[in-house]
Amino acid sequence: MGNSATHSDQVTIADLTAVNATPTTPKTTGVDLALLDAELKNVKHDEKARNPEEERQYPGPLKLAAILISLYLSVFLVGLDQTILITAIPKITAKFNSINDVGWYGSAYLLTLASFQLLFGRLYNLSVKSVFLTTVAIFEVGSLICGVAPNSVTLIVGRAIAGLGSAGIFSGALIIIAHSVPLERRPIYTTFIAAIWGLSAVIGPLLGGVFTDKVSWRWCFYINLPIGGLSILFIAAFFQEPKLPASESMGLLKRLKTFDPIGCLLFIPAIICLLLALEWGGHRYPWNNGRIIALFVLFGVLIIAFGFVQVWMGELATLPPRIVKNRNVWSSVLYAGPIICAFFTLLFYLPIWFQAIKGDNAVDSGVRLLPFIVASTVGSLIAGVLVQRTGYYNPFLIAGTILMATGSGLLTTFEPDISSSRFIGYQIIAGLGMGLGSQIPALAVQNALPMSDIPVGIVVITFSQSVGGALGVSIGNSLFVNNLVQNLETLVPSLDPHFVLSLGPTNLVASIAADLLPGVYQSYNSAVVTAFHVSVVASVITVLGALLIEWKKLSKSVDIHVA
């Protein structure tokens, strides 16, 4: 889920961009792996043998409306929570005297969100309804802790708990839609998820600024409580727990044994190492610092070990090899990760450009970002309607790649004196591309997998999007800071580059002599444009996924409504 922010003299650009990274034998697990693996393989075989037109019971119109309202509210909160703090940071750091903790307000949330996403893929196979309600409840608890936090450490703990809840909300919403709507009608409801998330991510800084200035920064968290409570109420009242087919009706204890504790113990620290390296690299420490190198090495070792464990565990793995080998799954990952990488890069650095070059405050820079977000929303809705009517999603993947790459490329032509018609038009092109393609990977995975595998498939997609977003912001931040320092040293040698960085983009005019500002503006412009190149490269990479996903029409199922 823009990183526009109102800066105090204490908060740096780097801080703000940071806010927003040995197998045992079967006996030691206490599980008869061979027996359970064989049983699960029989389950998959039985499911594949079932008629693809099998009848499923779906909620009636009123229940479906209540369920969708609940899901959209939950996704709205997740998108809001990822950006609402940006404009509240100066007040929070002043309250707690915690400038050194700024990075952790975002990192604690991101670490738990990304690390636990795959685990929720397994948990949703136990009980869709119970797990989703639990994730929203965890998110609410984290928000409450943040709202009442008496110090910075408590706030960080609350952010970590909220991130844990968020790890299961977005994927859970897609899974509940899969159980509530026939596949051929699913595109429009799925694309609404993307549209609402995008809008909430932009509204976040605006709403955060209003709360911080008019009431209190604590309302950035309190707002989650009534909305999340309504979501819990509607799902508890109207969503009926899906009934598992007889062949999959294992007892709870046996299903719990199918979890992959060794895989989790390897995967979670691996992702923490990766995100910490991305968070600290080029910001707290140079990229060639021993700590950063060690984190990347640990990530590599742990993720390779995780891969071996997944092969060894077979159907009992967190990420069963059978699912990973599915062409539509891995090709969807090739699209989903890079497209969100491109999106986050623009979402973070466009507001910085507006603040530094156009002199906007955080709220105004968010308003200027609306063409990008509105176009993304419109693109999502267009894709949803047309995929639902035609049954084919591949053309929208390809169109999304072309438009996102073209729009991102045009954004790299920004100059300080660029006309408003150009920076609005370029945003619209990139936004349409983002909207057309961003939710298609989740549909492709659902179309390729049996219902019992959809939770894992969806979680793989959402995880790749989380990592893609983190990579985009991290790489963009490194390029931005390094380029800005180099340009300032060349164009404005009388200014200390680190002093300029410490000012933030909104304090340039008030703190720098007028005769030096043109060089500073040119330096900022060049630095932001350099970060935009990350979006261009990521958009081009999506062509691999767009071309490799199978041309497969959406399956149809018999639509039976129940009251």
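So which residues in region 144-159 are out of contact with any Gly (no Cβ under 7 Å at 6 or more places or on another chain), within 18 Å of residue 107 (Cβ to Cβ) and small (Gly, Ala, Ser), if there are any at all?
152 - this is the single residue of region 144-159 that is out of contact with any Gly (no Cβ under 7 Å at 6 or more places or on another chain), within 18 Å of residue 107 (Cβ to Cβ) and small (Gly, Ala, Ser).
Just to confirm my filter: which helices (runs of 4 or more DSSP H) fall fully inside region 476-563 and include at least 3 residues that are within 29 Å of the chain's Cα centre (by Cα) and at pLDDT 90 or above?
Numbers: elements: 497-503, 508-511, 517-548.
By residue number, 517-548.
Residue check: is residue 93 among the hydroxyl-bearing types (Ser, Thr, Tyr) and either surrounded by fewer than 24 Cβ atoms within 10 Å (Cβ to Cβ) or not in a helix (DSSP H, G or I) (or both)?
yes
Kindly list the number of the only condition in (1) surrounded by fewer than 20 Cβ atoms within 10 Å (Cβ to Cβ); (2) modelled with pLDDT of 85 or more; (3) in a loop (DSSP other than H, G, I, E, B) that fails for residue 237.
(3)
Can you tell me how many residues in region 296-341 are of a type in the set (Val, Ile, Thr) and more than 24 Å from residue 401 (Cβ to Cβ)?
8
From (1) more than 25 Å from residue 234 (Cβ to Cβ); (2) of a type outside the set (Gly, Ala, Ser); (3) at pLDDT 85 or above, pick out the condition that doesn't hold for residue 90.
Failed condition: (3).
I'm told residue 150 meets every condition in (1) in a helix (DSSP H, G or I); (2) over 29 Å from residue 270 (Cα atoms); (3) not β-branched (Val, Ile, Thr) except one. Can you identify the failing condition by its number?
(1)
Can you list the helices (runs of 4 or more DSSP H) found entirely within region 380-474 that contain at least 2 residues being within 30 Å of residue 505 (Cα to Cα)?
On the way: elements: 394-411, 420-437, 440-448.
The helices (runs of 4 or more DSSP H) meeting that bar are 394-411, 420-437.
Please find, within region 300-329, the residue that is surrounded by the most Cβ atoms within 10 Å (Cβ to Cβ) out of those that are farther than 25 Å from residue 444 by Cβ and out of contact with any Pro (no Cβ under 9 Å at 6 or more places or on another chain).
Only one residue fits best here, namely 316.
Applying the selection to region 268-320, what residues are over 24 Å from residue 164 (Cβ atoms) and of a type in the set (S, T, N, Q)?
Within region 268-320, 288, 289 meet the criteria.
Within region 403-430, track down each residue that is buried (at least 18 other Cβ atoms within 10 Å of the Cβ) and not small (Gly, Ala, Ser).
Correct list: 403, 404, 410, 411, 414, 423, 426, 427, 428, 429.
Could you tell me whether any residue of region 164-177 is not polar (S, T, N, Q) and not in a helix (DSSP H, G or I)?
no
To keep it simple, each residue is scored yes or no on (1) part of a helix (DSSP H, G or I); (2) touching a strand residue (DSSP E or B) at 6+ places or on another chain (Cβ under 9 Å); (3) closer than 19 Å to residue 478 by Cα; (4) not assigned by TED's automatic domain parsing to the domain that holds residue 464.
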{"position": "272", "(1), (2), (3), (4)": "yes, no, no, yes"}
{"position": "275", "(1), (2), (3), (4)": "yes, no, yes, yes"}
{"position": "287", "(1), (2), (3), (4)": "no, yes, yes, yes"}
{"position": "297", "(1), (2), (3), (4)": "yes, no, no, yes"}
{"position": "302", "(1), (2), (3), (4)": "yes, no, no, yes"}
{"position": "305", "(1), (2), (3), (4)": "yes, no, no, yes"}
{"position": "311", "(1), (2), (3), (4)": "yes, no, no, yes"}
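May I ask you to say which residue of 371, 338 is surrounded by fewer than 21 Cβ atoms within 10 Å (Cβ to Cβ), at pLDDT 85 or above and in the same structural domain as residue 547 (by TED's automatic domain parsing)?
371
Please pick out the residue among 332, 376 that is touching a Pro at 6+ places or on another chain (Cβ under 7 Å) and either in a helix (DSSP H, G or I) or buried (at least 24 other Cβ atoms within 10 Å of the Cβ) (or both).
Only one candidate passes the filter, namely 332.
Of all residues in region 309-329, which are of a type in the set (A, V, I, L, M, F, W, C) and more than 15 Å from residue 118 (Cβ to Cβ)?
Across region 309-329, the qualifying residues are 311, 312.
Answer yes or no as to whether residue 222 is of a type in the set (Phe, Trp, Tyr), at pLDDT 80 or above and within 23 Å of residue 83 (Cα to Cα).
yes
To keep it simple, each residue is scored yes or no on (1) crowded, with 24+ Cβ neighbours inside 10 Å; (2) within 15 Å of residue 287 (Cα to Cα); (3) outside the structural domain of residue 341 (by TED's automatic domain parsing).
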| position | (1), (2), (3) |
| --- | --- |
| 469 | yes, no, no |
| 479 | no, yes, no |
| 482 | no, yes, no |
| 487 | no, no, no |
| 490 | no, no, no |
| 494 | no, no, no |
| 497 | no, no, no |
| 502 | no, no, no |
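Quick check: anything in region 342-360 in contact with a strand residue (DSSP E or B) (Cβ under 6 Å, 6 or more places away or on another chain) and either under 20 Å from residue 273 (Cβ atoms) or assigned to a helix (DSSP H, G or I) (or both)?
No.
Return a yes/no flag: does region 115-131 have any residue that is part of a helix (DSSP H, G or I), under 23 Å from residue 204 (Cβ atoms) and β-branched (Val, Ile, Thr).
Within region 115-131, none of the residues are part of a helix (DSSP H, G or I), under 23 Å from residue 204 (Cβ atoms) and β-branched (Val, Ile, Thr).
Going residue by residue through region 193-213, is there one that turns out to be closer than 26 Å to residue 116 by Cα, in the same structural domain as residue 115 (by TED's automatic domain parsing), assigned to a helix (DSSP H, G or I) and more than 18 Å from the chain's Cα centre (by Cα)?
No.
Looking at 387, 456, 445 in this structure, which one is over 29 Å from residue 106 (Cβ atoms) and surrounded by 24 or more Cβ atoms within 10 Å (Cβ to Cβ)?
On inspection, the qualifying residue turns out to be 387.
Working carefully through the options 394, 361, find the one that is out of contact with any Cys (no Cβ under 7 Å at 6 or more places or on another chain), assigned by TED's automatic domain parsing to the domain that holds residue 503 and at pLDDT 85 or above.
Of 394, 361, the one residue that is out of contact with any Cys (no Cβ under 7 Å at 6 or more places or on another chain), assigned by TED's automatic domain parsing to the domain that holds residue 503 and at pLDDT 85 or above is 394.
How many of the residues making up region 122-156 are in contact with a Leu (Cβ under 8 Å, 6 or more places away or on another chain) and of a type in the set (Gly, Ala, Ser)?
4
The values are calculated or read from the model by the stated rules, or taken from the named source; none is laboratory data. Here the structure is a predicted model, which is why all the values come from computation and not from measurement. Glycine gets a Cβ as well: all are built from the backbone with ideal geometry, and neighbour counts include every protein chain shown.
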